[in-house]
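Trainee: The structure's right below; bear with me while I get my questions together.
No lab work stands behind these numbers, since they all come straight from the coordinates. Bear in mind that the values here come from a model prediction, so they are computed numbers and not experimental data. All Cβ positions, glycine included, derive from the backbone under ideal geometry; neighbour counts span all protein chains shown.
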Amino acid sequence: MIARVRIIIAREFRRLNRLILGGILLLLLLHIAGTYILQVWLENNSLLAWLRNIFIPTVLLLLGGAYVLYLLYRSRMKLQDELDHSVSDEMYGVQATLERYEALQEMAATLSATLSFERVIDQTVSVCALALEDLNVPRNSLIGGVFLFDGENLVPMKIAEADRDRVLAGNDGVVGTALQRGEPALTDNPYQDPELKEFETFSGCLTAVCVPLRAGYQLFGVMVLGVDRAIRFEEKHFHLFSAVADQTVIALQNAQLFQSLEAEKQRLIDADMEARRELARDLHDGPVQKIAAVAMRLNVLKSMVASEPQKLPEELAKLEGVANAASQELRHMMFTLRPLLLDSKGLGPAVESMLLQINERDGIETNLTGQESGQVLNLLTQNVVFAIIEEALSNARKHAQAGAIDVRLWQERDLFVAQITDDGIGFNLHQVRQDYDTRGSLGLLNMQERAERIDGSLRIDARPGAGTSITLVVPIAEDDHRLTTETKIAQPQ
């Protein structure tokens, strides 16, 4: 590109030189011809006198033409030199921009390839160091530190070993300014900064930039960049720092999301293991024991066939009762694991069927009010609500020693409410929550987590000797309103 421009300039200047030289020669010929005609033909002067008269003007004209050509030559050389310098500066700027772009691309690739925040921060500082090249400052002059909010303080995530136990309040100095304005802030004396002066990492810096790490209006922390010499950053450098900070925030969000997914995966694994243990306990304490009793009674019946045949009808009746009880418990477990009635008829009939089974099996008086209210929820939400009600009923049946259980369902404006109340022995809610780490069952915590999954809230009212009341409140989604466009269900009295 530069060579082509140089060729064009040289060609145009040669053309201009030819035009000027042609003009000079034409003027010279006109001068010679004009003076010859005037002095020799018309005035009859001698040829020698004519030559003397034209000599000096001719020489002056030739010298003037040569000087003009020389000036054109100098102009051409100066123009080419300025072109070379301008193009070199532009190429340097373009090269620097390309390097920053490639560094940002590499950083983006690092973000997508790793969830290690340490590697991302190293890449962040490396990209920011590109800004120093524009100022003829070595890259290793840049010192970087990243601080993330942990409560109200900023905790260092990437900093020298000596400063890892220190924190930033983020209220004063360049850090406070950056957080308040939401944009990069610069200080020329970080060693005197109210907060940075406490960090040995920045003790030798003469310039420091603080860049907030934010996504929208949410602040995650700050990135502090220090340089061991006094320099003046330009607007383009602050744009680069802000772009790098945005990428760093993406990495932070990805890492947090990954950690949340890992925690959720572990929670689901724990919940699955707890459900398996609970099912194993229920099978062992219920149907397995009853089936074992059936097997033992069958052995007894074998010996009674010959010795006491008159007692066989009575023993067979007892055996039938045990078998029926085991069958009922198995049906209840199957219903709990896969409530087909919930899929076919909805939440209300499924809860009613579960209450009937509790009444038949355990002799507990049960009552359901407002079962039609369950239709205001979509099927997915109904499944979660059913699981919460089933957990509450299971706790009441196994631990509350209740004589009666009352379940009420109703709609209140844009909310669905389910309340499960029993007249059992109750419990100390605060103590139960404190003992979660040592207890085998996490029923209350499971209900709370299920409620949060459907954006609901769970309230538990329990006192020793005063029974238990569990209230679940779930917002009704917009799609769910189509199920109740004609009727509004009032709270049951």
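Trainee: Please rank LEU186, LEU135, LEU342, LEU60, fewest neighbouring Cβ atoms within 10 Å first, as an exposure proxy. Don't skip to the end; give the middle numbers.
Mentor: Details: LEU186 17, LEU135 14, LEU342 23, LEU60 10.
Least crowded to most crowded, the residues run LEU60, LEU135, LEU186, LEU342.
Trainee: Hey, what did the stretch 115-261 get for relative contact order, percent, Cα under 8 Å, at least 6 apart? Provide the component values of the computation, followed by the final result.
Mentor: On the way: 247 pairs, mean separation 36.5, N = 147.
This gives 25 percent for the stretch 115-261.
Trainee: Let me ask you something else. List the residues whose amide H sits under 5 Å from the amide H of LEU213, counting only those 5 or more places along or on another chain, with H placed 1.01 Å from N in the peptide plane.
Mentor: Excluding prolines and chain starts, which carry no amide H, the hits are PHE220, GLY221, VAL222, MET223.
Trainee: Right, next: What list do you get for ARG119, ARG181 if you sort them by fewest beta carbons within 10 Å?
Mentor: Details: ARG119 14, ARG181 10.
Ordered from fewest to most neighbouring Cβ atoms within 10 Å, ARG119, ARG181 come out as ARG181, ARG119.
Trainee: Whose amide H sits under 5 Å from the amide H of ASP193, counting only residues 5 or more places off or on another chain, with H placed in the peptide plane?
Mentor: none
Trainee: Less than 11 Å Cβ to Cβ from PHE386, Lys/Arg counted +1 and Asp/Glu -1: what total charge do the surrounding residues give? Let's see the in-between values first.
Mentor: On the way: positive: ARG450; negative: ASP343, GLU390, GLU391.
Residues close to PHE386 contribute a combined charge of -2.
Trainee: Also, I was wondering about something else. From the cross-link list LYS318/LYS398; LYS158/LYS197; LYS345/LYS398, which pairs have alpha carbons spaced over 20 Å apart? Walk me through the intermediate numbers first.
Mentor: Values: LYS318/LYS398 24 Å; LYS158/LYS197 17 Å; LYS345/LYS398 27 Å.
From LYS318/LYS398; LYS158/LYS197; LYS345/LYS398, over 20 Å: LYS318/LYS398; LYS345/LYS398.
Trainee: Between ARG459 and THR369, what FRET efficiency follows from the Cβ-Cβ distance if R0 is 22 Å, with the result rounded to 0.05? Before the final figure, lay out each step's value.
Mentor: Numbers: r = 18 Å, r/R0 = 0.84.
It comes to 0.75.
Trainee: Please report the net charge: other residues with Cβ closer than 13 Å to the Cβ of GLN401, K and R +1, D and E -1. Each step should come with its number before you reach the end.
Mentor: Numbers: positive: ARG397, LYS398; negative: ASP362, ASP422, ASP423.
Taking every Cβ under 13 Å from that of GLN401, the sum is -1.
Trainee: If you plug each phi of the stretch 409-417 into the Karplus form 6.51 cos²θ - 1.76 cosθ + 1.60 with θ = phi - 60°, what whole-Hz ³J(HN,Hα) values come out, in order, with x for Gly and Pro?
Mentor: 10, 7, 10, 10, 6, 9, 10, 9, 10
Trainee: To continue, here is another question. Rounded to whole Å, give me the distance from the Cα center of the stretch 1-43 to that of the stretch 366-438.
Mentor: Cα centroid to Cα centroid, the span is 108 Å.
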